[in-house]
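To keep things clear, I will list the structure first and then write my remarks on it.
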Amino acid sequence: MCGIWALFGSDECLSVQCLSAMKIAHRGPDAFRFENVNGFTNCCFGFHRLAVVDQLYGMQPIRVKKFPYLWLCYNGEIYNFKQLQKQFGFEYQTLVDGEVILHLYNRGGIEQTASMLDGVFAFILLDTANRKVFLARDTYGVRPLFKVLTDDGFLGVCSEAKGLINLKHSTSLCPKVEPFLPGHYEVLDLKPSGKVVSVELVKFHSYKDEPLHAACDTVENLPSGSFDLETVKSNIRILFENAVRKRLMAHRRIGCLLSGGLDSSLVAAVLLKLMKEININYPLQTFAIGMENSPDLLAARKVAAHIGSEHHEVIFNSEEGIQAIEEVIFSLETYDITTIRASIGMYLVSKYIRKKTDSVVIFSGEGSDELTQGYIYFHKAPSPEEAAEESERLLKELYLFDVLRADRTTAAHGLELRVPFLDHRFTSYYLSLPAELRIPKNGIEKYLLRQSFEDSNLLPKEILWRPKEAFSDGIASIKKSWFSILQDYIDQQVDDLLLEKAAEKYPFNPPKTKESYYYRQIFEKHYSGQSNWLPHYWMPRWVKATDPSARTLKHYKSATQE
């Protein structure tokens, strides 16, 4: 996890512009480099480093003797760089996993490069010999990337939008900053003036398709075409374990977020098992957050005792949660209601990890709810086919919601997040299964996933079959949810009259509640006029919900009242 930043064709003094690069310093607390491009005085790279792999040669932009005309700035981890080296006979000059991007590009161009990378990434690749700039981002947008491109060819690229919004440019008072689409690469021509022209934007991978890099995966070809339940369950276990194993690549200490729900518990259990197998000589630290006696704390305690992790509990009160709201919204760069609610706990636990422990590489359970139909509203899906379509829509939009939350709340404290549920091979296999296999069954969501691990003894049965708990709610007690605590506080902060006139003040995505109005005010304070970063609020489907909290849904109420 690092912070990348680059400018091409800047009309303003680069020493002034580079102040914007310091807005993302939290992403790389270990080192910083600012470097001009030879022959292009108005082009430069900025890089903030979190040293996870190759402590000696990991600074960027990466340049190697073999390709002196290539410059690479990337944020991410490429898990198959050793397999690619073996397959193609690449001669690496460093231990940096991202060096493989240079070799792949030299061998087969940008399309093959992006398609063959098994990992999470956002990168800027400059080829001065052919005067090309390439941008690319991984399939689910696990690593963030934003860009600004003006009509006259000034290009700015950054890991977070905050590093671009204050750039100076002669022809535009406020250039449009926008997220770079996941699963795409863009080709731009570089003019002698340093300005660029966009040539094409290409989607290189669809999450339903088996990725091109599967051919050189460490897992052999699985039985395919057969949807016999035992075969399916076995394949799910093999691919998930493989997803966790490949993410063990690190020279820094590994930890794991643990809410006590199915997803984070499975990640923690498999992670600890594999760490023992490869003789990692320190205990796995797991981290849970909640208010006193919250459901998440109690469940996480059970899991930690079962798997034998070194468990840490972070207990916070409503005042600490409320005080964190503004800095959380600044970190997130969104005003989405459910994203902000769920981010507060994750932000506070990340803060604790950075201050009190030496864990830096943090595993988490993001992506499972979207992939395996874990949200409670999936019980209301009209048909398995519509449920499958909704699952795909959620995956497509992950970069706007849960993946955004997970990246920004951890990156704000210089931590690197790893999310095995979003492994390319695992997700493409799961999505290839018949729609009726993937739907909730017997009133239980993620039934197939739970069933697949039922005989593994990885988790206590009551955790494996624990119903879905919204993270923003599970951190508080059932009697007084985090949702209710927020409502009580915000009710005093936003006047009724302000809410009545909300649509006039904020015509795009107008706030409908005092809570959403309060968040929007804070967002506009830091990112005025950038409301288009969020195309729509996250809301459940097929139910007449006015709030995204799971606690407002009938299924949840009946389950907690039994």
Can you say whether S15 is at pLDDT below 90 and either open to solvent by less than 70 Å² (accessible area, probe 1.4 Å) or closer than 11 Å to L164 by Cα (or both), as far as the supplied structure shows? no
Within region 305-317, can one find any residue that is in the same structural domain as S359 (by the TED database) and buried (at least 24 other Cβ atoms within 10 Å of the Cβ)? no
Is it true that some residue in region 164-172 is outside the structural domain of L248 (by the TED database) and part of a strand (DSSP E or B)? no
Just a yes or no: is a residue in region 80-94 in contact with a Ser or Thr (Cβ under 6 Å, 6 or more places away or on another chain) and surrounded by 15 or more Cβ atoms within 10 Å (Cβ to Cβ)? no
Every pair of residues 6+ apart whose Cβ atoms lie under 6 Å, when the first sits in region 358-376 and is within 17 Å of S343 (Cβ to Cβ) while the second is open to solvent by 10 Å² or more (accessible area, probe 1.4 Å) and of a type in the set (F, W, Y): D369/Y375
Having 3 or more residues that are farther than 30 Å from Q493 by Cβ and in contact (Cβ under 8 Å) with a residue 12 or more places away in the chain is the bar; report the helices (runs of 4 or more DSSP H) wholly within region 227-344 that clear it. 229-246, 262-277, 295-307
Please find, within region 333-362, the residue that is farthest from L534 (Cα to Cα) out of those that are open to solvent by 10 Å² or more (accessible area, probe 1.4 Å) and hydroxyl-bearing (S, T, Y). T357
When restricted to N38, N106, N42, the only residue over 23 Å from V142 (Cβ atoms), touching a Gly at 6+ places or on another chain (Cβ under 7 Å) and among the polar types (S, T, N, Q) is N42
Among the residues of region 58-81, are any over 21 Å from I165 (Cα atoms) and part of a helix (DSSP H, G or I)? yes
Could you list, in sequence order, the residues of region 363-405 that are in a loop (DSSP other than H, G, I, E, B), within 12 Å of K446 (Cα to Cα) and open to solvent by less than 10 Å² (accessible area, probe 1.4 Å)? T372, Q373, G374
Can you find a residue in region 288-298 that is touching a strand residue (DSSP E or B) at 6+ places or on another chain (Cβ under 7 Å), buried (at least 24 other Cβ atoms within 10 Å of the Cβ) and of a type in the set (S, T, Y)? no
Is it the case that some residue within region 109-124 is in contact with a strand residue (DSSP E or B) (Cβ under 9 Å, 6 or more places away or on another chain), surrounded by fewer than 23 Cβ atoms within 10 Å (Cβ to Cβ), of a type outside the set (S, T, Y) and in a helix (DSSP H, G or I)? yes
Name every residue in region 182-236 that is in contact with a His (Cβ under 8 Å, 6 or more places away or on another chain) and either surrounded by 19 or more Cβ atoms within 10 Å (Cβ to Cβ) or of a type in the set (S, T, N, Q) (or both), in order of residue number. G183, F204, H205, Y207, P211, H213
What number goes with the only condition from (1) farther than 28 Å from G119 by Cα; (2) part of a helix (DSSP H, G or I) that E12 does not pass? (2)
Any residue at all in region 451-463 that's open to solvent by less than 10 Å² (accessible area, probe 1.4 Å), part of a helix (DSSP H, G or I) and at pLDDT below 95? yes
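The values are calculated or read from the model by the stated rules, or taken from the named source; none is laboratory data. All values reported here derive from a predicted model rather than from experimental measurement. Cβ atoms come from the backbone with ideal geometry, glycine included; neighbour counts cover every protein chain shown. For the accessible areas, the whole protein counts, side chains as well, though only heavy atoms, and no ligand, DNA or RNA atoms are used. Shrake-Rupley method; radii C 1.70, N 1.55, O 1.52, S 1.80 Å.
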